[in-house]
Each structure stands twice: as structure tokens, then as C-alpha cells.
Amino acid sequence: MNALSTTVTPGHPAFAGGASPHAAAANAAAASFASLTAALDYLGPAEIEQVRQAYRFADAAHLGQMRNSGEPYITHPIAVATLCATWKLDAQALMAALLHDAMEDCGVTKAELIERFGVTVAELVDGLTKLDKLQFNTREENQAESFRKMLLAMARDVRVILVKLADRTHNMRTLGDMPRSKWGRIASETLEIYAPIAHRLGLNLTYRELQDLSFRYLHPWRQATLAKAVARARSRRRDLLVKVKADVESTFDAAMMQMRIDGREKTLYSIYRKMTDKHLSFAQVTDIYGFRVIVPGVTDCYTALGLLHQMYKPVPGRFKDHIAISKVNGYQSLHTTVVGPSGINIEFQMRTEEMHVVAESGVAAHWMYKGDESSNASERLGAQWLQSLLDIQYETRDAAEFWDHVKVDLFPDAVYVFTPKSQIMALPRGATVVDFAYAIHTDVGDRTVGARIGGEQVTLRTELKNGDVIEIVTAPGSRPNPAWLGFVRTGRARSKIRHYLKTLEQTESQDLGEKLLTQALRSEGIERLPEHTPEYQAIWDKLLRFTGSRDPDELLRDIGLGKRIASIVAKRLVTLLAELGAKPDALLLTRERYSSHERISQGAVILDGSETGSVQYAKCCRPVPGDDILGYLGRGEGLTVHHKDCAVASRLQYKDSERFIAVAWADEPTRLFETGVVVTVTNRKGVLARVSADLARSEVDITHVDMGDEAGLDTADLRFVIEVRDKAHLDAALRNLARTPSVLRTRRVLPAG
């Protein structure tokens, strides 16, 4: 096999001390196309010629460029293409691998690639190309945007990520040639992002290699120490492992069962993780060695398990059936750990040849074994996750937020749960009922009000366990709650909830902005906003240039969020209308200005409690219907409603009076409102229970209670946050409480003036 495509293991010379002279010689030889053709025997002559043309173009584009090792730069694209060839990727993917740096490093345009090599190859290269760093304020923003672009291209064509992973693998193999100051950042990025993506797509060999290479450059001393310990243990136990392999082969021969057995050693990084996660010494990590038993069929896997358990005693709790329930990346095998000779724990994995292909190569198995069972299985690998990337992107335009959503779905662990119709679903460990609801369908998630697991009612934040059978309860009028963002686990659920809330907030902010601007216009003597017709198009264009808004809807949203003052926009609009000959209505002008001084303006914002993102009820004074209220339009915060006597509102009026607007309660509010009360009681046993019971009899809901630290005092203040319909309901509840034995005084909490 070509040296460039050889898997680097802990014992490999290149792994032990940077690029060896042999590796350097191999890389130099790779500058010729001949080194790649040896791996292209699965392609036809016409396809090989297409790859050759891409090589010649890339070679010319990179002419004169050198790598840090001093080798010609073209050695890198050839090495990446060679890695892709080991996965038997098609000619278009190999051409993209050869050209993947041409756009970024050589100034080649996408149009030029389309003309020379076709749209598909150009799209693959474009998906691999990092964005120009000058477009972003920070390296983090650039990185997030680059990953967003790469992942979306990958969702459309998985070959993008396969080439990208080959690119990163070769870069990690040659990281020793880079300045040491860059090792930490590149290795961390590989470990946190590229290795999990490889695992998510079932590329086990690549996943293991990227982890071990990252470990070497992040913690060189720990890696070297662990490598020596493993080498010593390997030499001590070589005879034992040879005996186990011989005994297993003999047992299977006696049972006349066809099989192939391979030895397997845990990677250094997985040993290190086990030691750190479980606080173990190296001597306490007992399952360093294992075997893979490859058998002809699925039934043979279970027969093999029985034979092994007859030979060696199984370790309780260490059996896993990943055939009946495959992992989220398509991996299938039976796992068991047995107590071997000398009391050494040994893990065995039983799988078929097809399962082995998918276990090692994941989605790449589609190209490696076209027509086999593994081909059909691999086409489904990661398909649901890849589609979810497109869904998340549709709702999340911000690159950093998109990447935050995606990262949570890269966890290798999963729980497997069931719908009431016995359909199995895989979700990340820690996923909740709401995650499950959104995994079924967005509409189900949006309308979720409750859930039952195994027939028992559970809360929406309940974390799911393997084997749970979950039934979601929905209601037509229900909608996502912002509090769900505090416990959902999957990127899909998080993006769906945020998208809904953002859309709702924008709609409400736009409606509020339109009402505020109309109200401000009426104060200037103009009855209503100009319509969006050709007659008024010039006015809207001038107004948008004045405000810097993209369109009228954005302008109204900004007014509703307090980013722009309605009165200023209204004055400008009146000036523009005057240019068309429109004059203020003197009667309307007099009536509006009179009403704004003598009583609540007819254009006041009416509140009924159904508002969400655009209207907030101040926590400092917690107003309820029946209170005299003020509306403060914060900068970018929407409308905040305060009690008229609130000290915070008084200070804001002194500093920012032009941002206060008229607000009024609707005749029939749609929900309960929170407010604070303090109940002073004689400090006796059971007093909290009695006060709570009396509040409940008054049909008051308690959302929070605080007793403070007054256990040794004769009296105590119980501080409640309660929900009431209006001020009359609150007054009645306080009067009832005052008649309760042990209650000395009741009062509502308002900030002092």
C-alpha cells in the first residue's frame, strides 16, 4: 500500500517522532501522478484521465508553492486524493481532492472550475474552500462560518466531508512540520470537531486515527508515557493473546463454524479518556486488548457469542447488542467482555463481513462496496442527521449559533427509545421529552403540552432512558415555551424553538411598531400610515434611506423593539408627505394633543397578556390588571410595562422620558399575572403550610416562596411570588390571608420610591 494511505498507529515510526526519513521520501515521490494511479485500479480509463487532468491543473496552480516540510505543495493534494482512493470514492470526488486548495491558495475562480471540470466538481471544491477571513471580525467568526458552509455542502453531498476528513487526516499526519505554536489549536479543533464528525458518519478508522494524532500533539508527554506502558504490557501478554486466539480458532473449528479472528488494541486516546473519566491508573484499565470475530451471517454472530461464553466466563453487565439496535451512525456488532486466562478481561466483537465494512468505513462503504448489503445500509447512514443540518440552517442564519446547534448532535453516546407504535428512535444521551417530540415532527414539538412514559405522566424536562416508550400529548393552541431552551438537548429542537420564538417576536414587534408609528402620526395630524402603493413608493424609499432600514417591515420591527423612536420617524414622514401636498388634519391634531395631556390617548397600546417577545412585564414591580401602568420602550428590548408608582420607572422617566408611551389594560386579560407579596407570620410549626393552603383556597397559584433564614426568631417574613387574575383578585387574597391565625400582616411588594 502507498505509504501516504497507511494508517498511522501508535507504533508507527512517523507517530513516534515526527516525519521519518522514509515518510519524507514517500511524500517527495508522491509529487508525481504515478504514485496516485496505483490506487485507482477500480476506475475506468476515461475516469483516470479525468483525474489526471485535475492533477495537471492543480500542479500548475500550485507551481512554486512549498509545504513547511520543504516538499512541493502538490504532495498534499495527491496525499488527500490517495486517502480518498482507499475509500473507492468516484472520479469527481478525487478531482475535488486534487483541486481542494486551488480556489483558496491559487486564486482560481469557481467559474473557471465549472468551465474546466463541470458544475459538480466545482461545487465540491467550493464546499471545501474556507471563506475569505477579511469578511469577518474575528477568527472565531470565520471558523464558524467556514464550518457552516462545509456542513451545508456536506448535507447536499456527503463527498464534501469525506474529502475534508482526508484533508484533515493528512494535515494531522504532517503536523510536526508546522510551528509548535499552532499544534494546540489545530489538534483541539480536530479532536472537538472533525473526529466527532468522522464518528457520526461511521468512519471508525479515521475517527480513531484523528483522536490519537490529536492526543499526540495536545499532550505529547502523556502520549509518549502511555505508549511505553502499552508496549510493555503488549510484550508481557503476547503469549497469552496468542493462546486465546488459538483456543478460539480451535473451538470454532470443532463446531465446524467458519470465522475469521483479528486482534484489536484500544487506541492510546481511548485508554487515556477511560483513565481520566473513571479516575483509573493504567494497571486498572483491564480491557486494553480485544478480538473481532468475523462470521458469515447474522445468526452466526449469536452462535459465536454462545461458543465464547462456554469457553470463558462473561463479565456481568458488559454485553451489548448493537445488531438488534444499531448505533446512530449505522454501526452493528455484538459486544461481550469475558474473563480470559490469568484473570485478564478481553473484549470480543462479533459481526458479519458487511457489518465490518460499515463499522470501519461508515458512509464510505457506499463507494467501496456498491451492490452489497453494506451499500444499501451505508446510503442511510447519517441521512437523518445530514437532513437536519439543512433544517437547522433554514431557521438559523447566524453561523456561530448554527455551529452551536450542530455540536450538540455530535455526541457519540445515544439512548434508544420507542414510539407507542414501536418505532425505534436514537437521541443523544441527556435528551428530554421535548427533544423526542421535535424528532417526530416540528408540529408535534410546537404543540406539546405533556407526555407519558410507560403510561405514567412525566414532566417535559424528563431525561429519556434506553427502552422508554414515550407518548406525546399535544394541544392545538399550544406553542413552544422559551423555558424549554434551558433543558432541550438536540440541535434540531433548539433551533426549532428559537425559530418559532424569533418569528413570533418579530411579528409582535412589527404589529407594535405599526401601532406606535400610527399613534405618533396621529399626534402630528395624519390619520394613518401611507399605503405600500406606487403612489407612495418614493416616500417609503426616502424614509428607509433616512432610517437605514432594509424594508418597511424591518423599520416597524425596530420601532416595536425600541431601536427607533416613533415620534422622530413620524416627523420625518410628515415632512415627506408634505412634499406631496398632504397637510395635517387640524381637528385630529387638536384632539390627539388634548387627549394625550388629559387622558389616555385613543392610540394607547392595549395589553391583555397574550404578548410574548415584544412586551415584558417588569420584574421590579410586577404590575397586574387594574394597576395604573406606564410603558417604557427600551433600546432593542421591546416594550417593558411598569407600575405607575414603580421607583425604577420614575428614574427612567427622569433620564429618558421620550421613551415612555401610553399603555392600557384590555377589558378581559387572557392569563394570570405574577406579583410579589410579603406575609409576616408568628414563627410556629406548620405556618407555611397553612398560609399556602389559604392562598390556594383563594385560587392563587404560588410560583416561588422564600422564608429567608429566620428560624430562631419569633416572627418571620414569608416572601411569595403568586399569580392572580387582576388587582381585585390580589386584594381579596390578601384580605383572606389577614384573617388566618398566625398571620400578623400582609402587603404587596412594590419598589420603594
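The values are calculated or read from the model by the stated rules, or taken from the named source; none is laboratory data. This one's a predicted model, so the numbers in the text were calculated from it and none came from an experiment. Virtual Cβ from ideal backbone geometry, glycine too; neighbours counted across all protein chains shown.
Overview of values
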{"item": "Checking Lys320 against (1) surrounded by 13 or more Cβ atoms within 10 Å (Cβ to Cβ); (2) more than 19 Å from Ser250 (Cβ to Cβ); (3) more than 35 Å from the chain's Cα centre (by Cα), the condition it does not meet", "result": "(3)"}
{"item": "Selection from the range 262-301 of residues that are in a helix (DSSP H, G or I), under 23 Å from Gly343 (Cα atoms), touching a Phe, Trp or Tyr at 6+ places or on another chain (Cβ under 9 Å) and touching a residue at least 12 places away in the same chain (Cβ under 8 Å)", "result": "Leu268, Ile271, Tyr272"}
{"item": "Candidate set from the range 685-709 (those that are in a loop (DSSP other than H, G, I, E, B) and surrounded by 13 or more Cβ atoms within 10 Å (Cβ to Cβ)); member that is farthest from the chain's Cα centre (by Cα)", "result": "Ser698"}
{"item": "Residue in the range 524-535 that is part of a helix (DSSP H, G or I) and either under 30 Å from Val724 (Cβ atoms) or modelled with pLDDT of 75 or more (or both) present", "result": "yes"}
{"item": "Subset tally (residues that are over 17 Å from Gln423 (Cβ atoms) and in a loop (DSSP other than H, G, I, E, B)) for the range 466-489", "result": "10"}
{"item": "The range 306-352 - residue that is farther than 16 Å from Asp247 by Cβ and basic (Lys, Arg) and, of those, modelled with the lowest pLDDT", "result": "Lys327"}
{"item": "Residue count, the range 569-594 (criterion: at pLDDT below 75 and touching a Ser or Thr at 6+ places or on another chain (Cβ under 7 Å))", "result": "2"}
{"item": "Filter pass, Asp262 being in the same structural domain as Leu334 (by TED's automatic domain parsing), exposed (fewer than 13 other Cβ atoms within 10 Å of the Cβ) and of a type in the set (D, E, K, R)", "result": "yes"}
{"item": "Number of the exception - Ala54 against (1) surrounded by fewer than 23 Cβ atoms within 10 Å (Cβ to Cβ); (2) in contact (Cβ under 8 Å) with a residue 40 or more places away in the chain", "result": "(1)"}
{"item": "Qualifying residue in the range 475-492 (condition: touching a Pro at 6+ places or on another chain (Cβ under 8 Å) and at negative phi)", "result": "yes"}
{"item": "Complete set of residues in the range 96-120 that are more than 17 Å from Asp59 (Cβ to Cβ) and either part of a helix (DSSP H, G or I) or outside the structural domain of Ala60 (by TED's automatic domain parsing) (or both)", "result": "Lys110, Ala111, Ile114, Glu115, Val119, Thr120"}
{"item": "Helices (runs of 4 or more DSSP H) contained entirely in the range 1-91, each with at least 1 residues that are in contact with a Leu (Cβ under 7 Å, 6 or more places away or on another chain) and modelled with pLDDT of 85 or more", "result": "45-61, 75-86"}
{"item": "Residues of the range 505-554 classified as among the small types (Gly, Ala, Ser) and under 19 Å from Lys583 (Cβ atoms), total", "result": "4"}
{"item": "Condition check for Leu556: in contact (Cβ under 8 Å) with a residue 12 or more places away in the chain and under 16 Å from Val605 (Cβ atoms)", "result": "yes"}
{"item": "Qualifying positions in the range 237-257 - of a type outside the set (Lys, Arg) and over 18 Å from Gln310 (Cβ atoms)", "result": "Asp239, Leu240, Leu241, Val242"}
{"item": "Criterion violated by Pro480 - all others in (1) in contact with a Phe, Trp or Tyr (Cβ under 6 Å, 6 or more places away or on another chain); (2) outside the structural domain of Thr419 (by TED's automatic domain parsing); (3) closer than 30 Å to Ala437 by Cα satisfied", "result": "(2)"}
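Residue-by-condition table, conditions (1) assigned to a helix (DSSP H, G or I); (2) within 23 Å of Lys502 (Cβ to Cβ):
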{"residue": "Cys620", "(1), (2)": "no, no"}
{"residue": "Leu633", "(1), (2)": "no, yes"}
{"residue": "Leu639", "(1), (2)": "no, yes"}
{"residue": "His642", "(1), (2)": "no, no"}
{"residue": "Ala649", "(1), (2)": "yes, no"}
{"residue": "Lys655", "(1), (2)": "yes, no"}
{"residue": "Pro669", "(1), (2)": "no, no"}
